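Comments concern the structure below.
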Amino acid sequence: MARPPAPDMPNFALYGEEERNVAAEFIHVERIAERSSLYEWTISPHLHPGIFQILLLSDGDSELVTDEARQALHPPCLVIIPCGAVHAFRFPPDAQGWVLSVADALLADPRIAGLGAAAALREGSPRQLSLPAGALGELTEPLMALLAGEAGSGGPLALTALALLLAAAERIAGQQQAARSVSPDRRIALVRRFTSMVEGRFREHPSVADYARALGTTPQTLTRACRYAVGKPPGEIAQDRLLREAVRALMFSTASVAQVAHDLGFVDPAYFSRLFKARTGREPSRFRREQAWSYALR
């Protein structure tokens, strides 16, 4: 499902190409090197309205940057880019693999959605899926190659290959999610409720007591649960979320430091700057100079 466009964020059809209406059956496949080599192997932060992407990285350790985090990419892997998600890449010159771009609307087409493929992949943030050994992981490369030859036709073979690739990716994602899951525990359930609440309220700067009261527990119980599940007290978890949003704004927007502070609920920008420096070791302005992508500084 498409998300609201990010402010001050370049929108492209394919990277470097002017945004345009996306045809309902748009499918495009190219090798990573075809486009990345034109931009010195660095794809700056951007998004693709109306387009869903899967990147297959078969060789060359790379980096994915989203509006939430930086992530090392270790081949062989797939990178899922939901429609409208901010993303950027840094590749080494020897990177190998494919980039599949497809109309997000096509994923809801009964010919594909009827197979149960892509529903879980279209939601959330960009993410990496390590390719498993065996048939499931080895299937992705020939499917990309087949799509590269059939993408322009929009025929049954292209749609079948796309559906198979999506089904394989969804199966891999499900298997990896199951492997990360743990036995239900009251403390873990409490922490999940807490972190979900933090997502909606971190700009309000609630106290730990406020969060505990809203969760129907005590600050002591919440603190013990957070230390057990995450290794951090709840106040630090909430502050981490606030800091992550500050980093996102400084890296991916042109808002002033004062504007960022105000958006995050700080009445005093100087206090925000002191807090940011205490947590990162750098003032917000220095962080932006050293970390933000060049387009955001123009």
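The values are calculated or read from the model by the stated rules, or taken from the named source; none is laboratory data. Since we're looking at a predicted model, the values are computed, not measured. Using ideal geometry, Cβ is built from the backbone for each residue, glycine included, and neighbour counts are taken over all protein chains shown.
Tabulated data
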quantity	calculated
Ile172 being of a type in the set (A, V, I, L, M, F, W, C) and touching a His at 6+ places or on another chain (Cβ under 7 Å)	no
Strands (runs of 3 or more DSSP E) contained entirely in the stretch 1-98, each with at least 2 residues that are more than 30 Å from Arg111 (Cβ to Cβ), of a type outside the set (A, V, I, L, M, F, W, C) and at pLDDT 90 or above	42-46, 62-66
Helices (runs of 4 or more DSSP H) completely within the stretch 106-167 that count 2 or more residues being buried (at least 20 other Cβ atoms within 10 Å of the Cβ)	140-150
Those residues of the stretch 38-74 which are in contact with a Leu (Cβ under 7 Å, 6 or more places away or on another chain) and either hydroxyl-bearing (Ser, Thr, Tyr) or free of Cβ contacts under 8 Å to residues at least 40 places away in the same chain (or both), in sequence order	Asp61, Ser62, Glu63
Residue among Ala13, Ala95, Ala33 that is closer than 24 Å to Gln291 by Cβ and small (Gly, Ala, Ser)	Ala95
Those helices (runs of 4 or more DSSP H) lying entirely in the stretch 195-284 with at least 2 residues under 30 Å from Phe89 (Cα atoms)	234-252, 257-263, 269-280
When residues of the stretch 117-150 are limited to those that are of a type in the set (Asp, Glu) and out of contact with any Ser or Thr (no Cβ under 7 Å at 6 or more places or on another chain), the one farthest from Leu107 (Cα to Cα)	Glu138
Residue within the stretch 56-76 that is among the aliphatic types (A, V, I, L, M), in the same structural domain as Glu123 (by TED's automatic domain parsing), over 14 Å from the mean Cα position of the chain (by Cα) and under 21 Å from Ser125 (Cβ atoms) present	yes
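So that you can scan it fast, the table gives a plain yes or no per residue for (1) surrounded by fewer than 17 Cβ atoms within 10 Å (Cβ to Cβ); (2) of a type in the set (A, V, I, L, M); (3) within 19 Å of Arg70 (Cα to Cα):
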residue	(1), (2), (3)
Val247	no, yes, yes
Met251	no, yes, yes
Ala258	yes, yes, no
His262	yes, no, no
Asp268	yes, no, no
Ala278	yes, yes, no
Gly281	yes, no, yes
